[in-house]
Amino acid sequence: AARKNACADQSGRLWVPATRLDDTGRDVEQEIVVLGDGPLRRYMYPRSDYFGKCSSAPDGTVLLPNRSQILRTDHKGGRPQVVARLPDEEMFPHHAMEDHRGMLWAGGTGWVCHIDLSVVDGRSSWTCEDLPGKHQMK
């Protein structure tokens, strides 16, 4: 059950965050489904993981917010890898995007954060701001 948007990489593959359901409709696990460029590929994640909306990055890869971290797809279609971890493990990003200056932006309900990907040194490198009310980055 694909519940999020699909994002295309520069090779034309679609990366789709999805929830795998059992025969009764219960969530079994989260997954990323990769379509195009050969047979269907699926990368499984724990049921408790949360995927936000993906976005295409300037280098032709795709960014996938996953729980308290941001994943980046592989140019060859392999399993996405962690590119940055958010400053708090309880932060659930709804969206992530990279601008042309190499700044990674992530946002959720009531907050937005950014980090310079050229100097990532862990969770302490993020700059975060609270958003008024229930605003969120979409």
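The values are calculated or read from the model by the stated rules, or taken from the named source; none is laboratory data. No experiment lies behind these values; they were computed from the predicted model shown. Don't worry about glycine lacking a Cβ; one is built from the backbone with ideal geometry, like all the others, and counts go over all protein chains shown. Quick note on the areas: whole protein, heavy atoms, side chains included, nothing else; ligands and nucleic acids left out. Shrake-Rupley method; radii C 1.70, N 1.55, O 1.52, S 1.80 Å.
Counting only residues that are among the hydrophobic types (A, V, I, L, M, F, W, C), closer than 25 Å to MET91 by Cβ and open to solvent by less than 70 Å² (accessible area, probe 1.4 Å), how many does the stretch 1-27 have?
Number satisfying all stated conditions: 6.
Can you tell me how many residues within the stretch 38-76 are closer than 26 Å to HIS100 by Cβ and in a strand (DSSP E or B)?
Taking the stretch 38-76 and keeping what is closer than 26 Å to HIS100 by Cβ, we get 51-66, 68-76.
Subsequent filtering for residues that are in a strand (DSSP E or B) retains 51, 53, 55-56, 62-66, 69-72.
The number of residues fulfilling the criteria is 13.
Identify, please: which residue in the stretch 1-20 is under 14 Å from the mean Cα position of the chain (by Cα) and part of a loop (DSSP other than H, G, I, E, B) and is, among those, modelled with the lowest pLDDT?
The extreme case among them is ARG3.
In the stretch 77-98, what residues are over 16 Å from GLU129 (Cα atoms), in contact with a strand residue (DSSP E or B) (Cβ under 7 Å, 6 or more places away or on another chain) and not in a strand (DSSP E or B)?
GLY77, ARG79, PRO80
For the stretch 115-123, state whether one or more residues are outside any loop (DSSP other than H, G, I, E, B), touching a His at 6+ places or on another chain (Cβ under 8 Å), over 21 Å from GLU31 (Cα atoms) and polar (S, T, N, Q). Spell out how you get there, then give the answer.
The initial filter retains those residues of the stretch 115-123 that are outside any loop (DSSP other than H, G, I, E, B), namely 115-119, 123.
Next, only the ones that are touching a His at 6+ places or on another chain (Cβ under 8 Å) stay: none.
No: the stretch 115-123 contains no residue that is outside any loop (DSSP other than H, G, I, E, B), touching a His at 6+ places or on another chain (Cβ under 8 Å), over 21 Å from GLU31 (Cα atoms) and polar (S, T, N, Q).
Do you know which of the residues in the stretch 51-71 that are farther than 19 Å from GLU90 by Cβ and among the hydroxyl-bearing types (Ser, Thr, Tyr) is surrounded by the most Cβ atoms within 10 Å (Cβ to Cβ)?
Going through the qualifying residues, I end up with THR61.
Among the numbered criteria (1) closer than 18 Å to ARG13 by Cβ; (2) assigned to a loop (DSSP other than H, G, I, E, B), which one does ILE32 miss?
The failed condition is (2).
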